[in-house]
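Structure, as structure tokens:
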Amino acid sequence: MVKLRVLILVGVIVVLGLVVALQPNRTSSVSAADVTSVAVSILPSSLGVDDAPEYVGSKKCKICHIVQYRSWEKLKHAKAFESLKPDQASEIKTQFGLDPSKDYSTDATCLACHTVGFGKPGGYVVPDTKDSKAVKRAKSLEGIGCEMCHGPGESYLKLHKEIMKSKRKYKHDEMFAAGMTPVEESTCLSCHNTKNPTVDKESYTFNYHERLVDGVHEHKPLKLCEDPHATPKPSSPGSGGGS
């Protein structure tokens, strides 16, 4: 999308330069080259070339992480968007005073934690149902997908592909430098908190370490990674926690 905007504006700049150059009886000292030079110098800021990377959808991650993807598909995270639809998750909605017959799938308050990247550049956007391309794009970002925790994949997907093709070793710092987000407790707490309308505000707690074991995808050692994450282990009995 950015490339298209660049091409369009470059075309406008060229036309503007020609108009200036071809003006009869032109007395101004400003040349067509001056116009083009100034305009090109402001291209990055005016077009947002430095925009944040876009989200690519979990299926792009499946190519390299099939085990993790298949285990994620079975989790509540993968089905989070479905719970926003009418007559889904009716029991818990009723318990906390929500209307189980209402469609919450376009509610901005809910979408922030039931889709990937809602409200962020390249993230989920409620699609025009008549636009098949927009519907397909939105579908790829429904639920709590990989990039909700690991960051928008556009920036590091190319690096993943290069590593898989060359079979070379790498370290996580290389991925982080390319834009991948380190997963920390704060990552989860952005959604797993008392703003959630389906938790008890007084008693709710979130146990990060327990959820790493039981709430996310299967953890499988990465063959080419020289500093793989430690495989999460169940918390000790009595450690407490919540959902």
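Of note:
- Descending by average beta-carbon neighbour count within 10 Å, the peptides 172-181, 90-99 line up as 172-181, 90-99, the highest first.
- For residue 79, the residues 5 or more places off, or on other chains, whose built amide H falls under 5 Å of its own are 144.
- Length added when fully stretched, residue 198-residue 167, from 0.36 nm per residue minus Cα-Cα: 6.6 nm
- Cα-based shape type of the stretch 107-186, given that a ≥ b ≥ c are square roots of the gyration tensor eigenvalues and the cut on a/c is 1.5: oblate
- Stretch gain in nm, segment residue 183-residue 159, where the contour uses 0.36 nm per residue and the Cα spacing is subtracted: 6.8 nm
- Other-chain or far-sequence residues with amide H under 5 Å of residue 198's (modelled H): none
- Checking the Cα-Cα distances for 62/136; 171/195; 85/223; 133/161 against a 29 Å cut-off, the pairs over it are 171/195; 85/223.
- FRET efficiency for residue 219 and residue 176, using Cβ-Cβ distance with R0 set to 22 Å, rounded to 0.05: 0.75
- Globularity ratio of the stretch 153-207, using Cα Rg and 2.2 N^0.38 Å: 1.72
- Extension gain, residue 88 back to residue 226 (0.36 nm per residue minus Cα-Cα distance, nm): 45.4 nm
Just so you know, all these numbers are worked out from the coordinates, no wet-lab data involved. Predicted model only: the values in this text are computed from it and were never measured. A quick note on method: Cβ atoms are made from the backbone with ideal geometry, for glycine too, and the neighbour counts reach across all protein chains shown.
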